[in-house]
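Accompanying notes for the structure given below.
Just so it is clear, none of the values below were taken in a lab; they were calculated from the coordinates. These numbers come from a predicted model, not from an experiment. Using ideal geometry, Cβ is built from the backbone for each residue, glycine included, and neighbour counts are taken over all protein chains shown.
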Amino acid sequence: MIRVIKFLIIKEFKQIFRNKSMLPLIFMMPLLQLLILANAATFEIKNLNIVIIDKDQTSLSRNIAGKFKGSKYFNIVGYTFNQKTAEREIQNRHADLYIEIPNNFERDLIREQTNKILVVVNAIDGAKGSISNFYVQNIINDVNKEIAEKYLIQSNTLVAADFKQIDLNYSFWYNPDLNYKTFMVPGILVLLVTLIGTFLSSMNIVREKEIGTLESINVTPINKIQFIIGKQTPIWIIGMFELVFGLTLAELVYHIPFLGSPVVLFTFGALYLSLALGVGLLISTVTETQQQAMFFTWFFMMLFILLGGLFTAIENMPAWAQTITLFNPIRYFIEVVRLVMLKGAGFADVKNHLIVISIMSVVINGLAVFRYRKTT
Amino acid sequence: MRKFYGFVIKEFLHIFRDKRTLIILFGMPVVQILLFGFAITNEIKDANIAILDLSKDATTQKITNKILSSKYFLLYQNLNTYDEIEKVFRTGKIKEVVIFEQKFEEQMKKTGKANVQIIVDAADPNTGNTILNYTTAIINNFVREYNPTSNIPYFIDIQSRLRYNPELKGVFLFVPGLIAIILMLVSAMMSSISLTKEKETGTMEVLLVSPVKPAQVIIAKVIPYSLLSFINAVTILLLGKFVFGVPIVGNLPFLLSEVILFILTSLSLGIFISTVTSSQQVALMISLVGLMLPTILLSGFIYPIENMPLFLQIISNILPARWFLIILRDVMLKGSDITYVWKETLILFGFLLFFIGLSVKNYKVRL
């Protein structure tokens, strides 16, 4: 039994290592993507391009414009007196927003005690739009405060306590520098390992089916369990290698904090990988051609990746979608990575994750073995 | 020419006989757009928070109410001591703790200043930062309303107009992105195995000895795929409009011709992959594993390109999806015409010619 599996594994490894065009794709491409793509994932909004229409041209309006110039969130790309020009700057993507300070702004402000500045924001990205709005509001709040303070000094009619303020202190726990790479690098590694593992295992048997060599395996005395173990083990080893190697590389390049124990992470990783390969195997047994297998893999990968909680948070999804993510293996791995690496969780903390993944792995692999027939 | 038609018909038959692939091809994009259109969002909604109110007076109660009555936050737990903060964060259930200092109202009345401390779980820094921004805005608004305006001599207000997406819906951002990604990957994957499949199954030999020219072989293969992709694109656009209310402000024929241009570009990329690889496995590895994450991350679909480090912004230029996404968002949501997107259109054309040129160059007439 063991001997048969051993020979099968050797055969698979030989096939993989002889395929010279596949090797760099399996090993280099994921690592390259890991190093490059981890830099992409930030929502941090700064350098908002703004156009300023200052029709007032008073010291107050210039002060407001100056505040935008001094802010690290805004980057003034133009001044104009013409609203049409500003609109066009938004439409051709040169500007994210513009503000318009109307004619006689300061005069009317003093006369009417209040006056409005128009803010026009490109809100296609809703979250970015509302945050730009907050930033503008903050700047205007500052200006208001200054006006009030100036007035206090001049008139002596108010005491400082009449102007209420709330001091906001904030701190970011678990990631004080808001370094998104700490969060992204291990996450992207998880995605890549899943992608490679599932892809290779889904192609594996169906490829033999399509080329016709599966027939020759089927007539040998090798039973299906042996065959499947022989097929899956090499891919599992490759996946584990990439996981360990990728994480080491990420540590060297990005110096990600690793508070917990690698043993916990890799134990989970090993179980997880058996599940990812099981998904691939299941796809392999229900498809006829590599093309079909690939489309299935693609479908599930898109699902797992986009609903995995790495790129957009799961808490923000509607309730039914959150329920779907409970069946998403990537979700669990990403949570475990976060817990172990950033919060220092041990085996006890990720116990539930381990149990869920083990159950899923047994069910999926069981289904795949059951579906696999030695007759074609 | 008749020979050529024969080839086109042959390709169509190949595709239509494989019912399973056909169902996958049409079914999956529909399922994906429906699922992701609802589920993918970068809006904060109902984030769980905890509140440590050491003062418990009328003012802190008011601020708390204001925070909780926004649609962004839900109260998960009221804390009583500082020690509980660590514990509640460990459960992983909450994103933020808001702490009011002791004698908050008294401080506010006496000195005009009181202190709120906010602790954010920044393990996911993007969400953490957004949550902090929202909380800050709510508290600032509270302060503004709390100060009776009669105390302040002059008061500047802002009036905001949110262009193109006044309700700040997340789908406006993501539906065009999904269209670009689905079209890119489906088209490239389909065509990347077109020639390799023939090579692998041995029928390439037959194609090569036939009197049909290489260019005709390729065009005959591209035609059915472009039709399939085009049907997919139209389906997704319709779903976007009628299910998610994403408008198509721009000129429809213009939008559709841009879609066709992008489909052809993606298909030609696939064909190029097909000419340089010898097995389906390798071709698929490149088109699936090689394209999927870079397209998702670098096209501007989720993460704005302008926030990325410069070298990534440069790398993102080589992705056709990046340019198509700009065109799609501009034409669909802003109603832009060719005068606003001519540059992006030209770039897509450039990619198309480039990939076709490479494919023709790499098409080997001998095996």
### Message
Sort B:203, A:233, B:21 by Cβ crowding within 10 Å, fewest neighbours at the top.
### Response
B:203, A:233, B:21
### Query
At what distance in angstrom do the alpha carbon centres of the stretch B:193-211 and the stretch B:302-316 lie from each other?
40
### Query
What is the distance in Å between the Cα centres of the stretch A:191-239 and the stretch B:326-367?
38
### Query
Hey, could you pull the Cα Rg and Dmax for the stretch B:217-266, both in Å?
12.5, 41
### Between helix B:214-244 and chain B: long-axis angle, C-alpha atoms, 0 to 90°, nearest 10
30
### Task
Please report the orientation-averaged projected area of the stretch A:28-142, defined via the convex hull of its C-alpha atoms, in nm².
8.6
### Query
Helix B:2-17 versus the longest principal axis of chain B: what angle, 0 to 90°, nearest 10, using Cα atoms?
50
### Query
Using modelled backbone amide H atoms (1.01 Å from N, in-plane), which distant-in-sequence or interchain residues come within less than 5 Å of residue B:52's amide H?
B:79, B:98, B:99, B:100
### Per-residue mean of C-beta atoms belonging to partner chains within 10 Å, peptide B:41-54
3
### Message
Report the per residue volume, in Å³, of the convex hull enclosing the C-alpha atoms of the protein assembly as shown.
### Response
160
### Summary
Once phi for every residue in the stretch A:133-146 is put through the Karplus expression 6.51 cos²θ - 1.76 cosθ + 1.60 (θ = phi - 60°), the whole-Hz ³J(HN,Hα) values, with Gly and Pro written as x, are 4, 4, 4, 4, 4, 4, 5, 5, 4, 4, 4, 4, 4, 4
#### Entry: Three principal axis lengths of chain B [C-alpha, angstrom, descending]
95, 45, 38
### Query
Relative contact order of the stretch B:47-151: what whole-number percent is it, with Cα pairs under 8 angstrom and at least 6 residues apart?
31
### Query
If amide H atoms are built 1.01 Å from N in the plane of the peptide, which residues on other chains or at least 5 residues away come under 5 Å of the amide H of residue A:76?
A:50
### Across A:46/B:71; A:128/B:62; B:10/B:221, pairs whose alpha-carbon gap is larger than 21 Å
A:46/B:71; A:128/B:62
## Note on the structure
For chain A, longest principal axis from Cα atoms; helix A:59-70 axis from its Cα atoms; angle between them, nearest 10 degrees, is 20
### Message
For residue B:115, what residues show an amide H to amide H distance below 5 Å, using hydrogens built from the backbone and excluding near sequence neighbours?
### Response
A:167, B:101
### Charge-dipole axis of the protein assembly as shown as Lys and Arg at +1 and Asp and Glu at -1 on Cβ define it, positive-most pick from A:174, A:323, B:81
A:323
### Summary
The ³J(HN,Hα) series, computed from each phi in the stretch B:268-284 with the Karplus coefficients 6.51, -1.76 and 1.60 at θ = phi - 60°, rounded to the nearest Hz and given as x for glycine or proline, is 5, 5, x, 4, 4, 4, 4, 6, 9, 10, 10, 10, 4, 4, 5, 4, 6
### Low-density loop cleavage sites - trypsin sites (Lys or Arg not before Pro) in the stretch A:17-60, where at most 11 other Cβ are within 10 Å (DSSP)
A:20
### Query
residue A:224: which lysines have alpha carbons under 17 Å from its alpha carbon, excluding same-chain residues fewer than 8 sequence positions away?
A:6, A:11, A:209, A:374
### Query
Counting trypsin sites (Lys or Arg not before Pro) as exposed when in a DSSP loop with at most 14 other beta carbons within 10 Å, what is the longest stretch of chain B free of them?
B:104-363
### Query
Quick one: Cα centre-to-centre distance for the stretch B:45-78 and the stretch B:215-244, in angstrom?
50
### Query
So what is the 222 nm mean residue ellipticity for the protein assembly as shown from helices alone, if each DSSP H run of at least 4 adds -39500 (n - 2.57) and you divide by all residues, rounding to the nearest 500 deg cm²/dmol?
-21000 deg cm²/dmol
### Query
With the calculation restricted to Cα positions, what are the radius of gyration and Dmax of the stretch B:47-151 in angstrom?
13.8, 46
### Query
Once phi is turned into ³J(HN,Hα) by the Karplus curve 6.51 cos²θ - 1.76 cosθ + 1.60 with θ = phi - 60°, what whole-Hz value does each residue of the stretch A:336-344 show in order, with x for glycine and proline?
5, 4, 5, 5, 6, 6, 9, 10, x
### Query
Can you give the relative contact order of the stretch B:164-255 as a percent, counting alpha carbon pairs under 8 Å and 6+ residues apart?
38
### Task
Before anything else, pin down the relative contact order of chain A: Cα pairs under 8 Å, at least 6 apart, normalised by residue count, whole percent.
18
